[in-house]
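What follows is a short report on a single structure.
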């Protein structure tokens with residue numbers, strides 16, 4: 001007796017998630033779902049990155065909104081990309097830079113790109129904080145981040161928080177690849193020196209008689 005093999009029901013097949021190139025092309029063709037997926041996947045990272053290089057949160061929010069409006073309105077004319085995150089970061093930085101320059105001329109807020117000054121906020125790059133440092137020592141480590149310039153802080157953020165490559169960071173920040181290596185290397189060295197100083201202070205405190 002011959003038994004026919006059951007064929008799987010194709011209606012239950014799960015389609016593979018589209019990669020960046022495919023999703024981008026779907027969006028460019030007018031697929032609203034693809035556009036929504038791009039927005040939802042990157043909105044938080046864009047906001048977090050934007051607020052690291054621009055102190056005005058409202059400006060960051062406006063630039064992000066304008067960016068996505070522009071993308072939708074000009075979707076047919078956009079070029080291809082296989083890294084949507086990189087594309088969006090680079091586009092947002094350009095918009096923030098233009099906005100900062102315009103606001104500076106009108107004296108509405110200081111230019112976040114004009115000078116390399118210490119950052120005003122603590123860093124999220126906890127990979128550079130010693131694992132067993134107590135809370136008060138962690139605060140001192142965060143103070144070490146304030147010694148970095150804005151460009152160093154931005155590069156560190158892109159490299160260690162958003163996991164972008166050196167080449168991508170160079171393109172986003174408008175730097176040569178070698179300059180990007182040097183920028184991040186110097187920033188890490190500065191942080192390492194502060195970490196060592198903090199650890200030495202901890203050891204010294206422990207060695208003191210109670």
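The numbered conditions (1) crowded, with 18+ Cβ neighbours inside 10 Å; (2) over 30 Å from residue 194 (Cβ atoms); (3) modelled with pLDDT of 85 or more are all true for residue 99 except (3). Out of 9, 31, 20, one residue alone is at pLDDT below 90 and either within 23 Å of residue 89 (Cβ to Cβ) or surrounded by fewer than 13 Cβ atoms within 10 Å (Cβ to Cβ) (or both). It is 9. Taking (1) closer than 19 Å to residue 61 by Cα; (2) at pLDDT 60 or above; (3) surrounded by fewer than 13 Cβ atoms within 10 Å (Cβ to Cβ) in turn, residue 93 satisfies each apart from (3).
Here is a check on your reading of the model: is residue 191 buried (at least 17 other Cβ atoms within 10 Å of the Cβ) and at pLDDT below 90? Here the answer is yes, as residue 191 does meet what is asked.
Kindly indicate whether any position in the stretch 60-72 is in a loop (DSSP other than H, G, I, E, B) and modelled with pLDDT of 80 or more.
No, every residue in the stretch 60-72 fails to be in a loop (DSSP other than H, G, I, E, B) and modelled with pLDDT of 80 or more.
The values are calculated or read from the model by the stated rules, or taken from the named source; none is laboratory data. Model, not experiment: these values are computed from the prediction. Cβ coordinates were reconstructed from backbone atoms using ideal geometry, including for glycine residues, and neighbour counts include every protein chain displayed.
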